[in-house]
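What follows is a short report on a single structure.
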Amino acid sequence: MLGSAAQVGLHDHERFLKRYPPFRTLDTPTLDRLVRALQVVYRPRGSAFDVTGGLFVIRRGAVDLNGEHYAQGDTLGGGVRVGTAQATTDAWLYVLPPERAGEWLNHPALHAFLSAQLSERLSAPDLGADTGADLGRVPVSEIMQPPVLVPPDASVQEAATRMRDRRVSSLMVDLQGTHGPGQYGIITDKDLRNRVLAGGLPSTTPVREVMSAPARTAPEDITAVSALNLMFRHNVRHLPLVRGAELVGMLGTADLLRLQTRGLGFVVPDLLDAPDAGTLVRLARSLPARAAHLYRSGQKAEAIARQVSYAYDALYRRALELTQAELRGEWGEAPGPFAWVLLGSLARRESGLNPDQDHHLLIQSPEHRPYFQALARGVEALLAEAGLPPCDGGVLASNHLWTREEYAAQLRSWFRVPDPQALLNVTIYFDPRVVAGDLDVSEGLRVRLSARHEPAFMGHLTRLAVSQRPPLGFLGRLHTGQDHALDLKVQGLARIIDLARLQALHAGEAGASTFVRLGPGSGAGFLHPDTRADLLGAYAYLLDLRLAHQTAQLERGETPGNRVPLADLGGPQEVHLREVFKLIGRVQATLAAQTGGPL
């Protein structure tokens, strides 16, 4: 049945199509021309129709095609989603029949959308962020400063004078004559303060005695966000830039601040240098707002989460130092080495604006337990003041303080008796990252990776990963609870994290990051590379959507959360979420068939 808009009661075609990809990218004249070419087709419930040729957009109702559900705003046909479809409810569709579809199927925007993998369609969603300086695109060559060099035998007084005259806070030390091509040292104003003045050294001291060498460098063609991540990771405020072996520039955190005036900027070194607990708490409580500013400036959630994780790393390290200083009067120095291990989203460097405390503590000897128990409680209390609430499940260092041997034995016990609680523990403790301490934890890593050689355990872990299905209800519609909201963390992100963890175990990948586990270099594993790419695109999309929601909550004075009201989602977001959840469901269904179904 064909009809006009007036006859079938459908109006505002342009407004409807403008809500959904790929039509929302068309300019007004092009969209107007497309609407004039469309037919409006009615298909009663139960009727079958061929979508092999042409282009079909669902205006109302729902359709089944090749075992999957499609609903309002979904596009079929285009040589990709083809076959015989069946209307599962009364359905109205916009249709371009094969004889009229050719021109539009070759349109760049429509062709790119229909032919792209899911990961590509999700790679640039419009979530409403303001445009601005995207540090993921700005090359450091655009903001770097010329380097200033001194010879290694120059005195520290000469170095200080050079810094003053050139108005710089660091100098490069040319070591090529003594250490070979491309070798440099670096001396900063902080070195002059801490190593010369505080150390009581004379002004004639040569810079080679107080410089840092070899200086950590980066290629001039890296992006600003990569440079920022490198500086945060290694706690440096100056980054020399090279072209091959040639020194071509210097990048400081001040240069990056010009791109993000209210972003993270100096907060990482400021956290590390915080003189007292009050200062540390004040700085830490500013982190969600700083991260939200980065989002509004146009950065992606993946890059923001990584940057924020370096700030939280600094918070943990300084909290440990301040707490150790408090304990010194009663306990003295730490009785032995330790490793403070982060778990969860901060360990993966993938948190939103509301991370909590998830961690455990490894020590060398059980005799050291009393001191480290006091240390753990003090650190946890300070972190709570700083805005990191304790994990609801009690996964905290004060509750989980093990020697390395105890930790390895605990892991093995979970492998041997994979009951539901043991499997839940594994999903928590298999995403670790040491944030502070110098205890060797390589044995724990070896034991974790050995889990892949336990078939019964791997089978149970796989069934656990497929037991919680994505929130797709009747006819493929998004399914919500009584509050009509989706939990992006529990219902989406966690499902992909579970699949990525399995992939990592199969591939022998030790890293905690979901982006590493699903990346092209993660090894063979059990997921096809195209599936991994789509899951990775879906994961990045969910992170972006959650960050958009949490930023809006923060602006309204609300506590950031993971539940997004369905009413707050736009048309493109609904379409993309259905695709994301269908992808997760397909992967889970394949795994369930291989393992005999969920637990």
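The values are calculated or read from the model by the stated rules, or taken from the named source; none is laboratory data. These numbers come from a predicted model, not from an experiment. Neighbour counts run over all protein chains shown; Cβ positions are idealised from the backbone, glycine included. What goes into the accessible areas is simple: the full protein's heavy atoms, side chains included, and nothing from ligands, DNA or RNA. Shrake-Rupley method; radii C 1.70, N 1.55, O 1.52, S 1.80 Å.
Given the criteria open to solvent by 50 Å² or more (accessible area, probe 1.4 Å) and part of a helix (DSSP H, G or I), does ASP483 qualify?
No.
Report, by residue number, each residue of segment 540-599 that is open to solvent by 50 Å² or more (accessible area, probe 1.4 Å), in a loop (DSSP other than H, G, I, E, B) and not aliphatic (A, V, I, L, M).
Residues satisfying the conditions are ARG556, GLY557, GLU558, THR559, GLY596, PRO598.
Being over 19 Å from HIS107 (Cα atoms), in contact with a Phe, Trp or Tyr (Cβ under 9 Å, 6 or more places away or on another chain) and either without any contact (Cβ under 8 Å) to a residue 12 or more places away in the chain or not aromatic (Phe, Trp, Tyr) (or both) is the filter here; which residues of segment 14-62 pass it?
Result: VAL40, VAL41, ARG43, ILE58, ARG59, ARG60, GLY61, ALA62.
Condition check ((1) farther than 23 Å from TRP402 by Cα; (2) out of contact with any Gly (no Cβ under 7 Å at 6 or more places or on another chain); (3) at pLDDT below 90; (4) assigned to a loop (DSSP other than H, G, I, E, B)) across all residues:
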| position | (1), (2), (3), (4) |
| --- | --- |
| PRO288 | yes, yes, no, no |
| ALA311 | yes, yes, no, no |
| ARG318 | no, yes, no, no |
| GLY329 | yes, yes, no, no |
| LEU346 | no, yes, no, no |
| GLU350 | yes, yes, no, yes |
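I'd like to know if segment 386-397 contains one or more residues that are touching a residue at least 12 places away in the same chain (Cβ under 8 Å) and part of a helix (DSSP H, G or I).
No, segment 386-397 contains no residue that is touching a residue at least 12 places away in the same chain (Cβ under 8 Å) and part of a helix (DSSP H, G or I).
Exactly one of (1) of a type outside the set (D, E, K, R); (2) at pLDDT 90 or above; (3) crowded, with 17+ Cβ neighbours inside 10 Å; (4) in a helix (DSSP H, G or I) is unmet by TRP402. Its number?
Here TRP402 clears every test but (4).
GLN421 - would you say it is at pLDDT below 90 and either assigned to a helix (DSSP H, G or I) or not charged (D, E, K, R) (or both)?
yes
Restricting attention to segment 555-586, which residues are modelled with pLDDT of 90 or more and among the aliphatic types (A, V, I, L, M)?
If the condition is that a residue be modelled with pLDDT of 90 or more and among the aliphatic types (A, V, I, L, M), then VAL564, LEU577, VAL580, LEU583, ILE584 are the ones that fit.
Rundown of residues vs (1) closer than 19 Å to SER450 by Cα; (2) open to solvent by less than 30 Å² (accessible area, probe 1.4 Å); (3) among the acidic types (Asp, Glu); (4) assigned to a loop (DSSP other than H, G, I, E, B), yes/no style:
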| site | (1), (2), (3), (4) |
| --- | --- |
| ARG501 | yes, yes, no, no |
| LEU505 | yes, yes, no, no |
| GLY521 | no, no, no, yes |
| ASP534 | no, yes, yes, no |
| ALA538 | no, yes, no, no |
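For segment 220-241, how many residues meet the condition of being assigned to a strand (DSSP E or B) and within 14 Å of GLN145 (Cβ to Cβ)?
The total comes to 4.
Would you mind telling me which numbered condition in (1) of a type outside the set (A, V, I, L, M); (2) modelled with pLDDT of 90 or more; (3) touching a helix residue (DSSP H, G or I) at 6+ places or on another chain (Cβ under 6 Å) ARG282 fails?
Just one mismatch for ARG282, condition (3).
Exactly one of (1) touching a residue at least 60 places away in the same chain (Cβ under 8 Å); (2) surrounded by 17 or more Cβ atoms within 10 Å (Cβ to Cβ) is unmet by ALA289. Its number?
The one condition ALA289 does not meet is (2).
Going residue by residue through segment 407-421, is there one that turns out to be open to solvent by 70 Å² or more (accessible area, probe 1.4 Å), of a type outside the set (A, V, I, L, M), in contact (Cβ under 8 Å) with a residue 24 or more places away in the chain and closer than 25 Å to LEU283 by Cα?
no
When you check GLY525 against the structure, is it in a loop (DSSP other than H, G, I, E, B), among the small types (Gly, Ala, Ser) and surrounded by 18 or more Cβ atoms within 10 Å (Cβ to Cβ), yes or no?
Considered against the rule, which asks whether it is in a loop (DSSP other than H, G, I, E, B), among the small types (Gly, Ala, Ser) and surrounded by 18 or more Cβ atoms within 10 Å (Cβ to Cβ), GLY525 comes out as yes.
If I filter segment 353-392 down to residues being of a type in the set (S, T, N, Q) and open to solvent by 30 Å² or more (accessible area, probe 1.4 Å), which single residue comes out as modelled with the lowest pLDDT?
Once the filter is applied, the top-ranked residue is ASN354.
Could you check segment 40-52 and list, in sequence order, the residues that are in contact with a strand residue (DSSP E or B) (Cβ under 7 Å, 6 or more places away or on another chain) and either open to solvent by 20 Å² or more (accessible area, probe 1.4 Å) or of a type in the set (Lys, Arg) (or both)?
Within segment 40-52, TYR42, ARG43, PRO44, ARG45, GLY46, SER47, ALA48, ASP50 meet the criteria.
List pairs: first residue in segment 435-459 and open to solvent by 80 Å² or more (accessible area, probe 1.4 Å), second residue at pLDDT 90 or above and among the charged types (D, E, K, R) anywhere in the structure, Cβ distance under 9 angstrom, at least six positions apart or on different chains.
Once the first residue is open to solvent by 80 Å² or more (accessible area, probe 1.4 Å) and sits in segment 435-459, its partners that are at pLDDT 90 or above and among the charged types (D, E, K, R) give ASP440/ARG404.
Based on what the data block shows, is ARG81 among the charged types (D, E, K, R), within 22 Å of PHE474 (Cα to Cα), in contact (Cβ under 8 Å) with a residue 12 or more places away in the chain and open to solvent by less than 60 Å² (accessible area, probe 1.4 Å)?
For ARG81, the condition - among the charged types (D, E, K, R), within 22 Å of PHE474 (Cα to Cα), in contact (Cβ under 8 Å) with a residue 12 or more places away in the chain and open to solvent by less than 60 Å² (accessible area, probe 1.4 Å) - is met.
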